[in-house]
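See structure below.
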Amino acid sequence: MLESGAAVARAALADVGADGVGEHLGVTAEDEVSATHHFACTMSGYRGWQWAVVVAAVTGSSAVTVSESALLPGPDALIAPEWLPWDQRVQPGDLSPGDLLAPAPDDPRLVPGFAATGDPEIDDVAYESGLGRRQVLSLEGRLDAAQRWYDGDYGPNSDMAKSAPSICGLCGFFTPLAGALHGVFGVCCNSMSADGHVVHFSYGCGAHSDVAAPTGMGSPAFEPFDDAAIELVEIEPRAAVEAPVEAAPAE
Ligand code: SF4
């Protein structure tokens, strides 16, 4: 069956007008009565793809029939990556001006808020405490953000924090957050440092408000040249050079 099956399979591809049918690559058994013949595809742009033809024969019969044929990617074929829904492809930083990115309906980071009353005096106060918003941050969303900030560039384990002279929690430029994260995070208000970023209480940097200015002229690398350090050397006076004797003019 295998020998004649290959010929039948190649003829079947010719019948359907398949292009670029190359050498016979092999055959794989599907079950007791059917097998798939593979042919290299020589069409440009289909490197590694294979023509596959499924043939079948009733046990004890020499008659081979064709079940189906298809062009399929082989093990070395260049194929597109597995498709992902768009909401799983979007990454932090992808949002551009004008883009809209709605949270998923079941986003675990959000929980329902409470409806506004319509009374401005009540609603202004309620809004500040989270009431009046349709959704507010859930406990999971809060813990998620806190962990991300703790592990990030402005967390206590960053290189900057490890070499800082003191922590943000003791810095005059540190403005604590309101709400549940009040005790652990704040915003740096130092334009020379992490200005506008949420920093952990135990983060820190060299621009801490308690850093004292260096005494003297600053870095030793830029100390002014010290004239007093010049070594004075006695210079031997040069030996007097006798003027050449000019010849008396002839009379
Ligand atoms: S200046 Fe430095 S130490 Fe102070 S709050 Fe900003 S990052 Fe923290």
- Tell me, yes or no, whether segment 175-189 has at least one residue that is within 7 Å of the ligand (Cβ to nearest atom) and closer than 14 Å to Asp210 by Cα. no
Of the candidates Gly186, Gly172, the one satisfying the condition of being without any contact (Cβ under 8 Å) to a residue 60 or more places away in the chain, surrounded by fewer than 18 Cβ atoms within 10 Å (Cβ to Cβ) and either touching a helix residue (DSSP H, G or I) at 6+ places or on another chain (Cβ under 8 Å) or not in a helix (DSSP H, G or I) (or both) is Gly172
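Only residues that are more than 7 Å from the ligand (Cβ to nearest atom) and either touching a Cys at 6+ places or on another chain (Cβ under 6 Å) or at pLDDT 95 or above (or both): list them for segment 196-207, please.
Listed by number, the residues that qualify are Gly196, His197, Val198, His200, Phe201, Ser202.
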ask   = Quick one: is Trp86 open to solvent by 60 Å² or more (accessible area, probe 1.4 Å) and of a type in the set (Phe, Trp, Tyr)?
value = yes
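Quick test for you: out of Ala35, Ala12, pick the one residue that is over 18 Å from Pro75 (Cβ atoms) and in a strand (DSSP E or B). Step through it out loud before you land on a result.
Values: Ala12 fails: in a strand (DSSP E or B).
Only one candidate passes the filter, namely Ala35.
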Restricting attention to segment 160-174, the residues that are more than 6 Å from the ligand (Cβ to nearest atom) and farther than 23 Å from Leu137 by Cβ number exactly 10
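Table: residues versus (1) free of Cβ contacts under 8 Å to residues at least 60 places away in the same chain; (2) within 14 Å of Ala7 (Cα to Cα).
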| position | (1), (2) |
| --- | --- |
| His38 | yes, yes |
| Cys41 | yes, no |
| Tyr46 | yes, no |
| Gln50 | yes, no |
| Val53 | yes, yes |
| Val58 | yes, no |
| Val64 | no, yes |
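The values are calculated or read from the model by the stated rules, or taken from the named source; none is laboratory data. A quick note: this is a predicted structure, and the numbers were derived from the prediction, not measured. Cβ: placed from backbone, ideal geometry, glycine included. Neighbour counts: every protein chain shown. Ligands, DNA and RNA are stripped out before the accessible areas are found, and what is left, the full protein with its side chains, is counted by its heavy atoms. Shrake-Rupley method; radii C 1.70, N 1.55, O 1.52, S 1.80 Å.
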